[in-house]
Amino acid sequence: MTPPIRWALCGLVTALSPGHPEFPPAAVPSPPATLAFASRRDGNWEVYLARAPEFRPVRLTTRPMQDRFPLWSPDGALLAFGSQVNGDHWELWLMSRDGSDPRLLSPSVVAKGGRGWSPDGREIVLESRRAGNVEVLVVRADGSGERNLTQHEAEDRDPAWSPDGRTIAFRSDRGGDADVYLMARDGGDVRRLTDTPGVDGEPAWSPDGKRIAFVCTPEGHRDLCLMGADGTGRRRLTTEPSDEFHPAWSPDGTRLAYQAVRGENYDVEVLDLRSGTRTRLTSGDGYDGQADWAPDGTALAIISDRDGTDGLYLVDAATGAATRLAAHPALDPDWTR
């Protein structure tokens, strides 16, 4: 049954600006939490890392075009990233944690497309337009064995590994409507998990692998929905006439952070799945988004233009108190231990 809208509107917390006299700054994740991100502090988009609690940025890439979209391997030893060749042509690269040994993994990826490491760290799943339409590909971390998993004339997007590494959830319009599907790690045993009007996509696995949060559009705008990993027990989590998308599970699996859009305002909100309470962590007039949970679940890294440029902020997951981490334009935060 769809939860009533009453609970979905309670518990809003206004985000606080850095240095607010009545509140502490954002909670700092416990070391050795390390944040990778893209920054233009040196004139070109490059990949940086910063370690808690000091968060001093260290530049990792020096390529002439843009380097963005860092993605940590499960053990934190490697960083995959997107590197621009020209225009919309991007490649997938890999480097060591200290920026050494950069190497090409895949010659063509969708710049902002979904991608993710397998839980065992052996492969990376990604989106590519190499076949003329968007397909889901996988490549080994050593750069070998790239293969097309979907091989379909439909658009196949949003790949997401299950926590046990056996299956991949993805979005496809092969059934005439965009729905969430499941396939085996090798691309076989494709199963359709959703079959309702509108677009279903952006599947996100719970840490225990038992549930999948996803974006649904039962009334035309984007809402968050939840279902079991087998597609059963579907329920709608948000109901108001706004857009909610980019669901991200907290490390303990009790909360969902997501992007909320009302008119021209982009905010970050957190939904507690135990109580149904929604907490609005940001409330400015501009953009707040790209939220990524710190490993201990105490805070989120976000991108915000509250000070006139896309800055990197640390936001307390309980109060919304915010601390600016980087004064220069930044994007694409991703945490690891």
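Once a ≥ b ≥ c are taken as the square roots of the eigenvalues of the Cα gyration tensor of region 166-238, is the result rounded (a/c under 1.5), prolate (a/b larger than b/c) or oblate (a/b not larger than b/c)?
Oblate shape, in that a/c is at least 1.5 and b/c is the bigger or equal ratio.
Take every Cα-Cα pair in the chain and report what % of them are more than 34 Å apart.
21
Once you have the Cα-Cα distance between residue 208 and residue 44, take 0.36 nm times their residue separation minus that, and quote the gain in nm to one decimal.
In short, 55.1 nm is gained.
On full extension of the chain, what length is gained from residue 166 through residue 285, given 0.36 nm per residue of separation minus the C-alpha to C-alpha distance?
Full-extension gain reported as 38.6 nm.
Percent relative contact order of the chain, based on C-alpha pairs within less than 8 angstrom and at least six residues apart?
18
What is the packing order of peptides 275-285, 316-326, taking the mean over residues of other C-beta atoms within 10 Å and listing the highest first?
Sorting 275-285, 316-326 by mean packing, highest first, produces 316-326, 275-285.
Put a dot 7 Å past each Cα toward the Cβ at residue 85 and residue 147; how far apart are the dots in nm?
Spacing of the two 7 Å Cα→Cβ label points: 2.4 nm.
With an 8 Å cut-off on Cα pairs and a minimum separation of 6 or more residues, tell me the relative contact order of region 196-302 in percent.
Relative contact order here is 16 percent.
How big is the C-alpha Rg of region 156-307 next to the rule-of-thumb value 2.2 N^0.38 Å, as a ratio?
Computed over Cα atoms of region 156-307, the ratio equals 1.03.
Mind checking the full-extension length gain between residue 275 and residue 174? Use 0.36 nm per residue of separation minus the Cα-Cα distance, one decimal, nm.
This chain segment gains 32.7 nm when fully extended.
If you take the alpha carbon radius of gyration of region 62-133 and divide it by 2.2 N^0.38 Å, what ratio comes out, to two decimals?
After normalising by residue count via 2.2 N^0.38 Å, the value is 1.06.
Just rank 55, 170, fewest to most, by other beta-carbon atoms within 10 angstrom.
55, 170
Given N residues in region 82-234, what is its alpha carbon radius of gyration divided by 2.2 N^0.38 Å?
Compactness ratio reported: 1.05.
Name the trypsin sites (Lys or Arg not before Pro) in region 206-266 that are in a loop by DSSP and that have at most 14 other C-beta atoms within 10 Å, would you?
Sparse-neighbourhood loop trypsin sites (Lys or Arg not before Pro): 210.
Read-outs: derived from the displayed coordinates by stated rules, not from any lab. A quick note: this is a predicted structure, and the numbers were derived from the prediction, not measured. Every residue, glycine among them, receives a Cβ derived from its backbone with ideal geometry; neighbour counts consider all protein chains shown.
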